[in-house]
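Structure record follows, encoded as structure tokens.
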Amino acid sequence: MKIVKLIRTSLLLSLLLLSSFSFAQNTGTLTVGTDSQPREGKDFSITVAPSNPTITFGKVIIGYRLPNDEYLETEMRFEKGIWKYLITGDYAVPPRIEYYIVASLQDGNEATYPSENYRQNPAFLNISPKGLTDAITVMMGEDGSKSAPDDFMIMISYYTISDQIDVNSVKLSINGQDVTKESSVTADGLNFLPASPPKGKQSLSFEAKLLDGTTVGPLNWTVSVVSKDEAKAEEEAEQNYSLSGNVWDEYRYEKTSFRTKGVNRANASASGNIHWMTYNVNLYKTSEESKDKQTADRYTLKLGTEYLDLTVGDAYPAFSRLMMNGSRVRGIEANLKTDYINLDVAYGTLRRATDAKFDGMPIVIATMDSLAVETKISEGYIVITKNDATTTLRKLSSNGSYDRDLLSAKLSFGSKKQGFNWGLGFLRAIDDTTTNKYGDAPIANLVLSTDMQLRYDNGRFELYGDAAFSVNNSDILAKNETVEKEAKSSLGSSYDLINSILPISAGIGAPSKPNQILNYMAFMGGLKLNYWNNYFKAEYLRNGSTYKSEGLPFFQNDIQGFRINDRLRLFQNKLFFTAGYDLMFDNTDGNKDLELDVNGQKKTFDGTTTRNNIRTGVAIFPGANIPSLSFDYIRLTSLNEIPETENASQNNASNTFQISTNYGFSWLKGYHTVGLAFSMTDKKDLRDENIYLSQNALASTDQSIRSVVLSYGTTLGDDLSANLSYNNSASTYREVTIVGPTQGVSGYGADKETEVSFNIIEGSLGKSFFDNKLRAQARANATISDLNQYIFGGNAQYYFYSNFFTTSDVNFILNEGQDSDLMFTLRLQYVF
């Protein structure tokens with residue numbers, strides 16, 4: 001026994017020194033993954049974490065869409081120590097979902113995934129189509145259910161494939177025993193009512209074959225047969241109340257080249273129902289909470305009924321596509337929902353006030369020495385106090401921020417799911433200038449919106465449209481007597497009311513002429529059709545150059561055009577074709593037009609840039625034991641009429657090819673998955689380089705991007721798993737040494753290609769011990785680039801009980817040319 005224990009201990013220590021990888025993809029700054037394998041119609045979550053544990057994010061935005069469709073952009077939720085967003089089954093549609101990530105770092109910079117051209121060439125996740133097993137539905141005796149002996153019955157439906165199934169091949173087994181002959185089998189389903197009901201836990205298995213010999217299943221699940229009293233108590237409990245959740249507390253130690261600190265984090269979450277009301281509560285508290293930053297804590301309480309939902313704390317209201325859609329609001333959200341009238345209201349703060357930061361000590365100057373005071377102000381000092389004798393100033397290194405209060409509401413009539421629905425909404429966001437003395441320029445934003453939709457046939461037909469108008473004030477404290485007088489003159493007795501809603505100052509931005517109204521508006525409308533295994537969508541949009549809504553985490557101004565996309569599925573969800581076309585224009589307000597002197601005469605050139613986006617793709621999911629394959633082609637072009645002698649000139653085209661394949665197979669008592677993804681983009685500058693390059697010393701836009709990702713994962717039994725991944729990315733651009741006309745010579749010197757690349761190799765090995773009471777994983781990451789980085793780490797979980805366990809995690813980071821970093825986390829968690 002001592003030898004066995006010694007071997008186990010040695011193996012565990014070895015694991016903690018080995019390399020590791022989770023299926024998440026590492027892009028240098030962001031590690032992006034999913035909590036489960038995306039499958040058609042099933043919810044799953046996209047997760048984001050910093051690749052380097054020393055980095056923290058202030059906010060993370062995700063944009064996602066079906067291929068060639070419009071993006072739905074929203075803030076990700078910070079839950080249980082990671083950024084997470086739930087993709088509902090409505091968007092889990094084969095062949096894939098496309099998405100991008102934008103993370104705001106604490107230092108003010110941004111990290112994106114993909115790292116370049118993320119909106120034009122987004123990342124994607126393949127969605128596995130429904131298999132034949134998904135056509136099997138357990139109507140009674142479902143997985144995990146409990147029933148009394150007299151009520152025990154198994155009812156299975158397969159009516160969606162009734163014309164394909166071989167009824168004679170249908171087989172139902174209970175605890176390994178074939179009970180098909182005791183069952184009633186038809187072309188649509190199977191019913192099993194035992195003559196002598198079993199007792200205790202029952203393991204069931206269903207399988208069949210199609211007329212062409214294809215196997216369906218097996219579908220495995222368990223049920224329990226308990227006493228009448230226990231079954232009744234279970235049923236009453238489920239009807240009256242339910243509770244599940246978890247509580248954890250962790251300590252994190254960080255030692256880096258620029259800091260050493262300890263961080264405490266705690267989280268408690270619970271969900272369930274009390275009679276007819278559902279509830280969901282999440283509380284997250286961290287010692288990283290600081291007054292000079294946006295809040296790191298998260299608090300949410302959500303109560304739901306058939307007709308009314310109420311959220312208190314951190315909410316993410318989604319009322320309309322152009323007004324309020326996914327920005328985090330700390331406050332209250334209420335949703336009244338009926339088939340006749342609906343009311344959505346959100347009230348709270350979009351961001352909180354943070355303290356300003358100062359450099360050095362205050363200085364005191366005689367007030368009468370106005371020149372000295374003005375000199376210091378021009379150097380970045382601000383007045384702290386002032387009296388007749390002295391003026392105290394201090395240098396401001398960074399402004400703070402104000403509380404940004406928000407009130408938004410939408411009233412709509414009709415059902416949101418079926419039939420006609422029409423809504424009216426408004427949003428008001430304004431900075432509370434009493435919450436900070438040294439904040440950035442305080443803003444105000446007012447939005448009025450309307451939308452409609454006509455949906456029939458369970459959403460297979462949908463006609464929709466949205467319109468919104470905004471007025472913005474970029475600095476409500478900017479005083480201008482002329483603006484104020486003109487406003488009072490034109491608004492008359494309404495001035496005080498309007499000024500109380502949206503302060504009128506020199507920072508106001510509103511249309512002064514009828515032909516400017518469209519600049520402050522946004523429109524979109526479209527048609528969706530989903531028939532005969534074909535999804536078609538056509539949409540038109542126009543976003544004015546100055547339209548703005550604080551309720552949108554991301555919005556692209558100054559664009560108009562239309563997009564069309566189509567998706568066709570064939571051969572029982574084994575073959576998918578996608579195609580899309582976008583035609584977009586900017587310069588909606590004409591401000592990009594350029595006036596130039598041509599041969600002594602003034603000539604105006606149209607500054608509108610036309611962008612074409614053509615996208616086609618095919619995906620093949622042949623079934624079990626055969627690799628899946630997808631191929632996409634994307635072409636983007638940008639062209640305007642600005643002469644090639646000017647910086648604003650554009651004439652370029654890019655071609656992108658994407659290929660991916662995945663293969664899962666069983667071998668040596670284990671299940672293995674292999675993946676390959678390849679992407680290649682070539683962007684060419686089509687302008688005459690003899691003009692834009694040699695004569696005017698303008699840079700070339702030629703660029704080439706390559707990416708290859710190889711992945712392998714295996715699970716051997718219930719206690720051993722391993723993963724390995726290799727990611728190679730390279731970006732090549734044209735670098736030219738200019739010898740321009742300013743040097744008296746026309747032409748250019750050295751012309752070469754410069755490449756920026758990185759290679760990431762990741763791996764992991766996991767093993768369970770002591771009947772799965774101890775689970776350990778070791779991992780390693782090597783990023784080879786201009787600055788190499790190596791991360792070695794591991795984690796272990798020990799279960800005191802099935803619902804009470806502790807987790808430890810360690811990361812040792814070797815930074816080339818810098819000191820090493822060390823991270824250690826210890827967590828205690830209870831699940832109920």
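The values are calculated or read from the model by the stated rules, or taken from the named source; none is laboratory data. Being a predicted model, the structure only gives us computed values, none of them experimental. Heads up, the Cβs are rebuilt from the backbone with ideal geometry, glycines too, and the neighbour counts pull from every protein chain shown. Ligands, DNA and RNA are stripped out before the accessible areas are found, and what is left, the full protein with its side chains, is counted by its heavy atoms. Shrake-Rupley method; radii C 1.70, N 1.55, O 1.52, S 1.80 Å.
Using Cβ point charges alone (K and R +1, D and E -1), the dipole size of segment 363-431 about the Cα centre works out to roughly 640 debye. Normalising by residue count, segment 390-507 has a Cα convex hull of 158 Å³ per residue.
Only helices enter this figure: runs of n ≥ 4 DSSP H residues, each worth -39500 (n - 2.57), summed and divided by the residues of the chain, yield -2000 deg cm²/dmol at 222 nm to the nearest 500. Remark: segment 570-726 carries a charge dipole of roughly 760 debye about the Cα centre, counting +1 on each Lys and Arg Cβ and -1 on each Asp and Glu Cβ.
So, for the chain, what is the accessible surface per residue at a probe of 1.4 Å, expressed in square angstrom? Solvent-accessible surface per residue comes out at 52 Å². Here segment 458-577 exposes an accessible surface that is 57 percent carbon and sulfur, computed with a 1.4 Å probe and the other protein chains kept in place. Treating r as the C-beta distance of ILE384 and LEU575 and R0 as 51 Å, the FRET efficiency rounds to 0.10.
Taking the charge dipole of the chain about its Cα centre, with +1 at Lys and Arg Cβ atoms and -1 at Asp and Glu Cβ atoms, the residue from LEU774, VAL216, ALA429 reaching farthest to the positive side is LEU774. Against the chain, whose longest principal axis is taken from its Cα atoms, helix 228-240 shows a tilt of about 10°. In this view, the solvent-accessible surface of SER785, computed with a 1.4 Å probe and all protein chains in place, comes to about 40 Å². For segment 398-497, applying the loop criterion from DSSP together with a ceiling of 15 other beta carbons within 10 Å to the trypsin sites (Lys or Arg not before Pro) yields LYS416, LYS417, LYS437, ARG460, LYS479.
Taken as Cα centroids, segment 83-144 and segment 549-563 sit 22 Å apart, rounded to the nearest whole angstrom. Compute the relative contact order of segment 55-209 as a whole-number percentage, counting only Cα pairs closer than 8 Å that sit 6 or more residues apart in sequence. Relative contact order for segment 55-209 comes out at 16 percent. Per-residue packing, averaged as other Cβ atoms within 10 Å, sorts the ranges 204-210, 337-343 into the order 204-210, 337-343, beginning with the highest.
Quick check: Cα centre of segment 169-244 to Cα centre of segment 572-625, how many Å? Segment 169-244 and segment 572-625 have Cα centres spaced 54 Å from each other. Entry note, the chain: relative contact order of 9 percent, from Cα contacts under 8 Å with a spacing of 6+ residues.
What the Cβ-Cβ distance of TYR830 and ASP432 gives, at R0 = 45 Å and to the nearest 0.05, is a FRET efficiency of 0.65. Here the extension length gained between ASN515 and LEU105 equals 143.6 nm, from 0.36 nm per residue of separation less the Cα-Cα distance.
Measuring nothing but protein heavy atoms, the accessible surface of segment 748-803 at 1.4 Å probe radius is 52 percent carbon and sulfur.
Projecting the Cα atoms of ASN519, PHE665, GLY600 onto the charge dipole of the chain, computed from C-beta unit charges around the Cα centre, puts PHE665 farthest toward the positive end. For the chain, the longest principal axis of the C-alpha atoms and the axis of helix 481-491 are separated by about 60°.
Apply the a/c threshold of 1.5 to the C-alpha gyration tensor of segment 415-460 and tell me whether it is rounded, prolate or oblate. In terms of gyration-tensor shape, prolate.
Dipole of the chain computed with +1 at Lys/Arg Cβ and -1 at Asp/Glu Cβ about the Cα centre; of GLY459, VAL756, THR714, farthest Cα towards the positive end is THR714. About the centre of its Cα atoms, the chain shows a dipole size close to 1380 debye [charges on the beta carbon of Lys, Arg (+1) and Asp, Glu (-1) only; nearest 20 debye].
Across segment 462-473, rounded Karplus estimates of 3J(HN,Hα) from the backbone phi angles (6.51 cos²θ - 1.76 cosθ + 1.60, θ = phi - 60°) give 8, 10, 9, x, 9, 9, 8, 10, 10, 10, 10, 10 Hz, Gly and Pro being marked x. Within the accessible area of segment 174-261, the carbon and sulfur atoms contribute 49%, probe 1.4 Å, all protein chains present. Take every Cα pair under 8 Å whose residues are at least 6 apart in sequence, average their separation, divide by the length of segment 537-688, and the relative contact order is 15 percent. Compute the angle between helix 2-15 and the longest alpha-carbon principal axis of the chain, please, reported from 0 to 90 degrees and rounded to the nearest 10. Its long axis makes an angle of about 30 degrees. Considering segment 78-210, its Cα convex hull presents a mean projected area of 12.9 nm².
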